[in-house]
Amino acid sequence: MATIVEVKNWDEWAREIRQSEQQGLKLYRGVTSHVHKLVPKIGRPGIRKDPSNGADRTHSEEDEKKLLDLFRLTARPFLQHEPRSEFEWLVIAQHHGAPTRLLDWTQSSLIAAFFAMERAGTEGRPAVYVLDPPGRSADEDTPFSIRDVRMYLPSHISPRIQAQRGVFTAHPCPASEYDPPGLTVWLFPEGRACWELKQVIDTCGFNRASLYPDLDGLAEHVGWCYKWGRFVA
């Protein structure tokens, strides 16, 4: 059972960040609503359907492998380099939106908070999961042979992964909720208090332009600046 920590303002959050960093390396995952559980996308309800009636179907490792094979077969024309391992292929698929048995994390508490509060509490109470890193997997491992949750630190195969200080956890049972010992959840407020925290994050330099270092990210960020009048006088 995760430990819930209520965070109401910047002073409380700064104290939590300081205490977390003093305990050694942590992984952080931001979610726009605290009801979102630590379940990889490929194991979530509704990801797999029965074509005859539209009913939900349970996770299938056999079909998951077929998904990855199809991605590998068709993605090469769009890649700038050839992935070196099955883990790298899985990271690229995850990074571009395919359902996988990976969960995205970051080594930065502020980056995780940006993703949690990106919609400023309009989808519920934002939250950040704080995790002691599990054991690490190497490139020669296969994500389908691991027996417990493992951390995978990818090569910087994408500018976005590098900018977001991305780390992944791989899950042998992707339909099961991940609830390891020592897990902490920072629970943030909705409404005005959330907006004020989001402004702090932007002031610290964490926004769409910095975390999505391309023209799309920059365009989204300047649009946000226009919407909320966040221009330098």
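Bear in mind these aren't lab numbers, they're just calculated from the coordinates by the rules spelled out. Because the structure is predicted, anything quoted here is derived from the model rather than measured. Neighbour counts are summed over all protein chains in view; Cβ atoms, including those assigned to glycine, are modelled from backbone coordinates with ideal geometry.
So if each residue of separation counts as 0.36 nm, and I subtract the Cα-Cα distance between W10 and R57, what length gain in nm does that give?
Working it through step by step, the gained length comes to 12.6 nm.
Ratio of segment 78-153's C-alpha Rg to 2.2 N^0.38 Å, to two decimals?
Ratio of Rg to 2.2 N^0.38 Å for segment 78-153: 1.30.
What does the highest-first list of 45-52, 10-17, 102-109 look like by mean Cβ count within 10 Å?
102-109, 10-17, 45-52
From zero up to wherever the largest Cα-Cα distance of segment 142-193 sits, split into 5 Å bins and tell me the percent of pairs in each.
Here the calculated profile for segment 142-193 is 4, 15, 16, 17, 17, 18, 8, 4, 1, 0.
Report, to the nearest 10°, how far helix 10-22 tilts away from the longest principal axis of the Cα atoms in the chain, using its own Cα long axis and a range of 0 to 90°.
Approximately 50 degrees, to the nearest 10.
Which order do peptides 175-181, 27-33, 75-81 fall in by mean Cβ count within 10 Å, highest first? Mind dumping the intermediate values first?
Numbers: 175-181: 12.9, 27-33: 21.0, 75-81: 9.0.
Result, highest mean first: 27-33, 175-181, 75-81.
At L25 and R72, where each label point lies 7 Å from the Cα along Cα→Cβ, what is the point-to-point distance in nanometres?
2.7 nm
So which lysines pass the test for K41, namely a Cα distance under 25 Å, with those fewer than 8 places away in the same chain ruled out?
Partners within reach: K26, K49, K65, K66.
Give me the one-decimal nm value for the distance between modelled label points at K41 and H96, 7 Å along each residue's Cα-to-Cβ direction.
Between K41 and H96, the simple spin-label model gives 1.2 nm.
Near K227, which lysines are there with a Cα under 19 Å away, not counting those fewer than 8 places off in the same chain?
Output for K227: K198.
Please work out whether the chain counts as rounded, prolate or oblate from its C-alpha gyration tensor, where a ≥ b ≥ c are the square roots of the eigenvalues and a/c under 1.5 means rounded, while otherwise a/b larger than b/c means prolate and anything else oblate? Walk me through the numbers on the way to the answer.
Numbers: a/c = 1.63, a/b = 1.41, b/c = 1.16.
Since a/c reaches 1.5 and a/b is larger than b/c, the shape of the chain is classed as prolate.
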